[in-house]
Amino acid sequence: MNNILALFTIAVVYYIGEFVGTKTKAWIPSVFVTAILFLIGYWTFFPKDIVDIAGLGAPLGGALVIMLCITHMGTIISIKQLIEQWKVIVVTLAGLVGMVIACWFIVVPLVGKAYVVAGLPPLTGGIVAATMMNQAALEKGLTSAAVLAIAMYVCQGFAGYPLTAIMLKKEGKKLLAQFRSGKGTVGSEIVIDEEAGNVQVEEVEKKKLIPSVPEKYMSTALILAKLTLSAYIANRLSVITGLNQAVWALILGIIFTEIGFLDKDSLNKAKSYGFLMFVLMVYVFSGLKDATPEILMGALGPMVIIIVVGVAGMALTSMIAGKLLGISWNMAFAVSLTALYGFPPNYILTEECVKALAENPKEHEYLMNNMLPMMIVGGFITVTITSVVIAGLFVNLL
């Protein structure tokens with residue numbers, strides 16, 4: 001198989017996953033379908049190094065893409081939105097703390113430290129955390145733990161979807177009862193930033209420390225150069241401080257965007273986000289080349305235990321935090337569960353729930369305005385921010 005055929009094969013497999021995910025409105029996750037197809041390919045006719053043959057392996061598919069994507073995450077964070085939704089953030093963080101504590105004290109004695117350390121960060125967020133833990137486990141020679149990190153990312157949505165649907169329907173029925181009794185009013189329309197998976201907010205354009213580059217001089221190369229320099233500084237700070245470079249990349253992404261060095265939503269502005277995410281996802285799936293049926297079966301038990309215990313711990317602490325902050329236990333648990341799937345499933349699940357409950361446009365608008373912002377911010381906090389920090393800390397525990 002030459003490099004052109006390898007890239008064609010990977011692109012077709014990836015697209016099939018996307019098609020199924022879109023067709024089923026994410027109830028069958030695209031990553032699950034793509035992972036299954038990669039497994040079948042590796043067990044049949046794929047060369048073990050098909051991703052490397054296609055030119056998507058390390059270092060491009062590894063450290064380079066990870067650091068660029070994490071730095072980019074810092075450029076899409078709205079400080080104003082985070083401040084406005086601080087209660088949701090506290091509840092979400094409480095849920096993640098409960099998940100980590102429950103797994104650490106209950107699951108580690110049952111399945112071993114390596115499985116929990118590799119599997120927890122992907123469970124608290126998204127693809128970047130899964131990639132970081134997969135790489136770290138492989139570097140330590142922990143093949144089973146590395147496979148578990150990917151399997152966790154691929155399968156966790158199946159636990160999150162039905163639980164979220166139940167919680168949202170309970171919350172929706174309660175809100176509708178209030179609305180129909182005249183206690184609720186329809187607020188302003190919610191606008192979703194579909195690229196960033198966040199709620200759009202109007203922010204006053206403030207003067208930056210570093211003035212923006214005139215549009216005619218702005219190019220893909222310049223934006224990538226600034227992102228890469230930021231990632232390099234993060235790498236050097238990691239060497240000096242011992243804190244993982246991914247955490248520094250996220251912090252610098254936020255700071256450099258605030259002072260004007262980095263552009264808001266950098267990778268999308270550079271028209272590079274879609275391709276780099278494709279490279280990153282394919283690199284993750286390449287980790288399945290070592291996933292023999294025996295290794296997969298060995299990882300299945302620990303994965304189920306981590307999910308069950310972790311979600312139980314999340315439910316307990318998020319509901320307690322919600323009670324203290326005046327957020328219903330249904331909604332508190334639902335926003336924490338966004339860690340298991342992020343955007344766009346958090347949007348789709350909310351919309352499907354509202355469609356099933358609302359009997360007219362006013363009720364639809366009322367439910368969406370009351371539930372959607374919390375769900376979107378919950379997913380943004382877990383997948384974009386917290387999972388990277390947790391993965392950065394857990395890498396050193398393997």
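The values are calculated or read from the model by the stated rules, or taken from the named source; none is laboratory data. Computed from a predicted structure; not experimentally measured. Ideal geometry is used to build each Cβ from the backbone, glycine not excepted, and the neighbour counts take in all protein chains shown.
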message: Give all pairs with beta carbons closer than 7 Å in which a residue from the range 148-175 that is surrounded by 18 or more Cβ atoms within 10 Å (Cβ to Cβ) and modelled with pLDDT of 90 or more meets a residue that is of a type in the set (S, T, N, Q) and not in a helix (DSSP H, G or I); count only pairs at least 6 apart in sequence or on separate chains.
response: GLU171/SER328
message: Checking the condition part of a helix (DSSP H, G or I) and modelled with pLDDT under 90, which residue from VAL100, VAL128 passes?
response: VAL128
Some residue of the range 240-248 being surrounded by fewer than 16 Cβ atoms within 10 Å (Cβ to Cβ) and polar (S, T, N, Q): yes
statement: Scanning the range 121-146 for residues that are over 25 Å from ILE381 (Cα atoms) and of a type outside the set (A, V, I, L, M) gives GLU139, LYS140, GLY141, THR143, SER144
- prompt: Applying the selection to the range 123-171, what residues are within 15 Å of the chain's Cα centre (by Cα) and of a type in the set (Val, Ile, Thr)?
  reply: THR124, ILE127, VAL128, THR131, ILE150, VAL154
- prompt: Just to be sure, is VAL12 in a helix (DSSP H, G or I) and touching a residue at least 24 places away in the same chain (Cβ under 8 Å)?
  reply: no
query: Can we say GLY378 is within 27 Å of LEU68 (Cα to Cα) and either more than 23 Å from the chain's Cα centre (by Cα) or small (Gly, Ala, Ser) (or both)?
result: yes
field: Hits in the range 317-376 - residues which are in contact with a Gly (Cβ under 9 Å, 6 or more places away or on another chain), of a type outside the set (Ser, Thr, Tyr), farther than 20 Å from THR92 by Cβ and part of a helix (DSSP H, G or I)
entry: VAL354, ALA356, LEU357, GLU365, LEU367
field: Count - residues of the range 48-82 that are among the β-branched types (Val, Ile, Thr) and out of contact with any helix residue (DSSP H, G or I) (no Cβ under 9 Å at 6 or more places or on another chain)
entry: 0
statement: Expected single match for surrounded by fewer than 16 Cβ atoms within 10 Å (Cβ to Cβ), touching a residue at least 60 places away in the same chain (Cβ under 8 Å) and not hydroxyl-bearing (Ser, Thr, Tyr) among GLY287, GLY301 is GLY301
- request: Report the residue count in the range 75-123 for those that are more than 21 Å from LEU148 (Cβ to Cβ), touching a residue at least 24 places away in the same chain (Cβ under 8 Å) and hydrophobic (A, V, I, L, M, F, W, C).
  value: 11
- request: Being more than 30 Å from GLU352 (Cα to Cα) and among the β-branched types (Val, Ile, Thr) is the filter here, so list the residues in the range 1-47 that pass it.
  value: ILE4, THR9, ILE10, ILE40, THR44
- request: Filter the range 71-97 down to residues that are part of a helix (DSSP H, G or I) and among the small types (Gly, Ala, Ser) and give me whichever is modelled with the lowest pLDDT.
  value: GLY74
- prompt: Is it the case that some residue within the range 212-221 is surrounded by 12 or more Cβ atoms within 10 Å (Cβ to Cβ), closer than 13 Å to ILE70 by Cα and not aliphatic (A, V, I, L, M)?
  reply: no
- prompt: For ASN369, are the conditions met, namely being surrounded by fewer than 22 Cβ atoms within 10 Å (Cβ to Cβ) and not aromatic (Phe, Trp, Tyr)?
  reply: yes
message: Please go through the range 20-70 and give me each residue that is in a helix (DSSP H, G or I) and either over 22 Å from the mean Cα position of the chain (by Cα) or among the hydroxyl-bearing types (Ser, Thr, Tyr) (or both), ordered by number.
response: THR22, SER30, THR34, LEU39, ILE40, GLY41, TYR42, TRP43, ILE50, VAL51, ASP52, ILE53
